[in-house]
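Data first, discussion second: the structure below is written as structure tokens.
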Amino acid sequence: MDRRTFVQAGAALALTGGSFSARAARSAKVVVIGGGFGGATAAKYIRLLSNQQIDVTLVEPDKQFVSCPLSNLVVGGSRQIGDVSRSYDGLARNQGITIARDYVTAIDPAAKTVQLAGGTTLKYDKLVLSPGIDFNFASIDGMADAYKQGKILHAWKAGAETVALRRQLMDMPDGGVYAITIPEAPFRCPPGPYERACQVAWYFKNFKPKSKVLILDANQDVVSKPALFKKAWEDRYKGIVEYRSQHKAVGVSADEGLVKFDVQSDVKADVINALPSMRASKIAVQTGLANMANGRWCGVNYRTFESAVAKDIFVIGDAIQVAQLMPKSGHMANNHAKVAAAAIVAQLSGIEPNPRPMLTNTCYSFIDDRNVVHVASVHEFVVNEQTFKVVPGAGGVSAEPTELEGSYANNWARTIWADMLE
Ligand SMILES: Cc1cc2nc3c(=O)[nH]c(=O)nc-3n(C[C@H](O)[C@H](O)[C@H](O)COP(=O)(O)OP(=O)(O)OC[C@H]3O[C@@H](n4cnc5c(N)ncnc54)[C@H](O)[C@@H]3O)c2cc1C
């Protein structure tokens, strides 16, 4: 065992309380759907925690992992998409995970099988589902067509669309308006839209100073780090950023460059970046796992992340119905994954899962290309309420944006990518 493997194995033991690996079921098969923050981490930690005894297949259609965290810097132009992209090869090479580059079209919870678009059927003993989110395009009239034509983007899954949004901003003449519409919470990454507004404002300030950023927010107020974001807009981006709360976009017209609202008058913009409301990804919904919030999110037993409606299926990441103050973040998905992985290995080894798991979260937001603020929290599983609650006094927010936090944010990204992919 080299030093890194030793350290990882130690962390793995700490997660479960220690004594399982020798007893881990040797022939058990786990299938993981989705190679994002949740799925890739779960696949790796099931291998680590079972001392490589459990057979793990990760199903992911994308050739490489592209990180949403830091992708707003690609929109702003201070990073390239290659800077936030990583290979899946390490999971196969270092952890012995089978990677199926395919797409799951159906799950049969009774037969315990997963159907792949390529024609293969995989059998599982335990299934981990971390498929992320899909969009309710119908929440914004005209969005589906405008999106199909590539005229109005969300760029809320990092990749080609992130680059396309960057291109729209570069093509926009100086003096133009960029408008971002934000749906009612909960949505993927609470600070993400406000960070994106900062990145576009940074670009305009430096390269297109006559241009404007309009934030059209369906919520009562900025959903995350409100004081820090508002101060940044006032101090650094005065005259560039305008924030409007309680503006719920109900329609868009790409040809007229309009965002439409129920009550307020229409807003004109050159680049419209509309975020439709979100829900658990299609495969979770079609399998009947999205049993909460009118069929939007998947209910889980928070102690293990096993689905509330299907035995032996564990749902993690953005697709779940969150506990109190739990953000839909990559950091959280990574933590869900470790709790679920430990519970799966424990169950397959015939031992009790950890009765009191803990989770942590830190979300960094870039205010410009270097200065960063963060919000952090610790969440403990409260046994008599069977849910996670924030630990009072743990965590907190930055006092102000600093370059030092910028270096923390870059290191956070490098560390979490390595934790999930190497
Ligand atoms: C602009 C932006 C900035 C962000 N910044 C941060 C940040 O700074 N810090 C932070 O912690 N979080 C951040 N986030 C949030 C973070 O990206 C998400 O919370 C995280 O990606 C959730 O992980 P997940 O595993 O649930 O989903 P994802 O990471 O989206 O992974 C889902 C995977 O499942 C695959 N998949 C879906 N359906 C299927 C299927 N049927 N078959 C096979 N595979 C399938 C997809 O291809 C995808 O790779 C940001 C998000 C955005 C949009």
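The values are calculated or read from the model by the stated rules, or taken from the named source; none is laboratory data. The structure displayed is predicted, hence computed values, not measured ones. All Cβ positions, even for glycine, are placed from backbone atoms using ideal geometry, and neighbour counts span all protein chains on display. Ligands, DNA and RNA are stripped out before the accessible areas are found, and what is left, the full protein with its side chains, is counted by its heavy atoms. Shrake-Rupley method; radii C 1.70, N 1.55, O 1.52, S 1.80 Å.
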(message) Condition check: outside any helix (DSSP H, G or I), open to solvent by less than 50 Å² (accessible area, probe 1.4 Å), within 21 Å of I152 (Cβ to Cβ) and of a type in the set (F, W, Y). Does F187 satisfy that?
(response) yes
(request) Taking only region 374-388 into account, find how many residues are open to solvent by 40 Å² or more (accessible area, probe 1.4 Å), without any contact (Cβ under 8 Å) to a residue 12 or more places away in the chain and of a type outside the set (S, T, N, Q). (result) 1
(request) Go through (1) surrounded by fewer than 24 Cβ atoms within 10 Å (Cβ to Cβ); (2) in contact with a strand residue (DSSP E or B) (Cβ under 9 Å, 6 or more places away or on another chain); (3) in contact (Cβ under 8 Å) with a residue 24 or more places away in the chain one by one and return the number of the condition R236 breaks. (result) (2)
(request) Test each condition in (1) in a helix (DSSP H, G or I); (2) within 16 Å of the ligand (Cβ to nearest atom); (3) closer than 22 Å to D368 by Cβ for V213 and report the one that comes out false. (result) (1)
(request) Enumerate the strands (runs of 3 or more DSSP E) found wholly within region 86-137, keeping only those where 1 or more residues are farther than 19 Å from K282 by Cα. (result) 98-100, 121-123, 126-129
(request) Kindly list, by first and then second residue, each pair from a residue in region 276-296 that is within 18 Å of K157 (Cα to Cα) to a residue that is more than 10 Å from the ligand (Cβ to nearest atom) and hydroxyl-bearing (S, T, Y), limited to pairs with Cβ atoms under 6 Å and residues at least 6 apart or on different chains. (result) P276/S139; S277/S139
(request) Look at region 302-318 and say how many of its residues are part of a loop (DSSP other than H, G, I, E, B) and within 12 Å of the ligand (Cβ to nearest atom). (result) 2
(message) Can you find, within region 319-351, the residue that is nearest to the ligand (Cβ to nearest atom) among those that are open to solvent by 30 Å² or more (accessible area, probe 1.4 Å) and part of a helix (DSSP H, G or I)?
(response) K338
(message) So in region 45-65, with the set limited to residues that are outside any loop (DSSP other than H, G, I, E, B), in contact with a helix residue (DSSP H, G or I) (Cβ under 6 Å, 6 or more places away or on another chain) and not aromatic (F, W, Y), which one is nearest to the ligand (Cβ to nearest atom)?
(response) L58
(request) Starting from residues that are within 18 Å of the chain's Cα centre (by Cα) and open to solvent by 60 Å² or more (accessible area, probe 1.4 Å), keep the ones in region 274-301 and report whichever is farthest from the ligand (Cβ to nearest atom). (result) R296
(request) Return a yes/no flag: does region 356-373 have any residue that is touching a Lys or Arg at 6+ places or on another chain (Cβ under 7 Å) and either of a type in the set (F, W, Y) or surrounded by fewer than 16 Cβ atoms within 10 Å (Cβ to Cβ) (or both). (result) no
(request) Among the residues of region 409-422, write down those that are more than 17 Å from N72 (Cα to Cα) and not charged (D, E, K, R). (result) T415, I416, A418, M420, L421
(request) Being open to solvent by less than 50 Å² (accessible area, probe 1.4 Å), more than 10 Å from the ligand (Cβ to nearest atom) and touching a helix residue (DSSP H, G or I) at 6+ places or on another chain (Cβ under 7 Å) is the filter here, so list the residues in region 94-127 that pass it. (result) Q95, G96, I97, K126
